[in-house]
Amino acid sequence: MQNNVLMPGDSAGNYDEKWTKTFDLKFLILWLILFAFLLSWTIIFDPALFNAKEFFLKMCIKLSVMMLLALLGGMLCRHYCNTDEKGYITSSKNKWFKVNYTRKIQHFAAYLVPLLSPPTEPIGILPHLWESLFVLFMFLVLIKPVRECSTFFMLQFNSLDRIEDRPNTLKWIVLGNMLPGLFIITVFKQIFEMSLSLPLLASVVVLTVAIGDGLAEPVGTYLGKKKYVVPSWNLKNRYVRSYAGSTCVYISAVVFLLLFKDQFANPQEFWTSMILFPPVMTLSEAFAPHSMDTPIMMLIGFSLLYGICAIF
């Protein structure tokens with residue numbers, strides 16, 4: 001592993017390479033394959049889902065909300081940071097404002113907005129998969145040929161394009177974060193619904209990751225004085241995290257366990273979770289590779305919470 005330590009605002013690359021030779025083309029093909037698969041699955045096994053027009057309308061509304069939040073984040077970036085001739089944010093290493101802050105707006109939106117589902121919506125794994133595909137579509141429209149032809153989409157890309165992640169910003173978000181994260185959420189929501197009859201308890205993990213890990217970076221960047229480094233998932237660079245940021249995960253875990261206390265079947269489940277869940281989630285965030293902390297935290301958090309509830 002190289003000893004190249006990247007701080008927030010350090011440039012790690014650019015977007016000069018032809019898009020057909022990058023992850024963007026692979027992402028487009030992958031999304032189309034997933035769409036065709038999901039469409040076929042629905043037609044064959046659950047065609048009645050297409051009659052749930054309100055469900056698909058609400059998904060479109062949620063997608064619009066997520067894109068609006070990303071747009072506002074991009075406008076904030078443009079206000080405080082300079083851009084090049086193509087619209088990309090230029091280095092802001094020495095400024096108090098960094099894209100690292102607005103990136104978490106999409107982090108919050110992608111995981112939290114889908115939780116805003118009333119109990120009347122269709123249940124089962126298929127609706128969850130459709131919702132995940134819609135979330136991925138929000139990132140699909142940010143591939144290079146689209147964003148460079150539209151200020152609307154470039155602004156959204158600005159809000160998540162950490163300079164130290166270039167040219168892998170979209171690749172790491174999709175493959176290292178959103179795709180595995182959404183898959184893990186879908187599977188474990190089904191497990192918590194069908195096996196434990198505790199569907200709302202899954203929200204503890206999602207909220208801890210979305211809020212706790214979401215706040216960890218801006219808090220750590222702005223307030224964290226004591227730092228440590230973690231590798232990227234491809235082991236080529238190392239990235240800085242802070243103890244102050246990791247503390248956000250611990251506090252969030254405690255807060256959301258308390259908020260969902262009534263969802264536990266008995267006091268033993270709750271108090272065991274209070275003892276184990278916050279430190280385990282904090283350590284998961286601390287040691288997970290850069291840009292892969294979300295799925296790792298979710299996998300460990302869901303497994304731990306399920307294990308506790310299954311035992312007690």
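No value in this document is a laboratory result; all are computed from the given coordinates. Source: prediction; values computed, not measured. Backbone-built Cβ (ideal geometry, glycine too); neighbour counts: all protein chains shown.
Some observations on this one:
- Less than 5 angstrom separates the built amide H of residue 159 from those of 74, all sequence-distant by 5 or more or on a different chain.
- In order along region 197-208, the Karplus-derived 3J(HN,Hα) couplings, from 6.51 cos²θ - 1.76 cosθ + 1.60 at θ = phi - 60°, round to 6, 10, x, 6, 5, 4, 5, 4, 5, 4, 5, 4 Hz, and Gly and Pro are given as x.
- Karplus-derived 3J(HN,Hα), 6.51/-1.76/1.60, for each residue of region 304-312, Hz, glycine and proline x: 5, 5, 5, x, 4, 5, 6, 6, 8
- Estimated FRET transfer efficiency (residue 266, residue 243; beta-carbon r; R0 45 Å; 0.05): 0.85
- In order along region 270-280, phi translates into HN-Hα couplings of 5, 6, 5, 5, 5, 6, 9, 5, x, x, 5 Hz, rounded to whole numbers, per the Karplus curve 6.51 cos²θ - 1.76 cosθ + 1.60 with θ = phi - 60° and x for Gly and Pro.
- Net charge over other residues, Cβ less than 9 angstrom from the Cβ of residue 249 (K, R count +1; D, E count -1): -2
- Entries of 26/62; 58/189; 171/261; 53/171; 98/144 with Cα pairs more than 28 Å apart: 171/261; 53/171
- In a fully extended conformation the segment linking residue 112 and residue 80 would gain 8.9 nm over its present Cα-Cα distance, using 0.36 nm per residue.
- Relative contact order (%) - region 14-194, alpha-carbon pairs under 8 angstrom, separation at least six: 33
- Length gained on full extension, residue 226 to residue 190: 9.0 nm, using 0.36 nm per residue less the C-alpha separation.
- By average C-beta atoms within 10 angstrom, highest first, the peptides 267-275, 16-24: 267-275, 16-24
- Descending semi-axes in Å of region 242-312, equivalent ellipsoid built from Cα gyration tensor: 22, 13, 9
- Mean shadow area of region 14-194, taken as a quarter of the surface of its Cα convex hull (nm²): 10.9
- Backbone amide hydrogens, once placed in the peptide plane, bring residue 229 within less than 5 Å of 241, excluding anything fewer than 5 places away on its chain.
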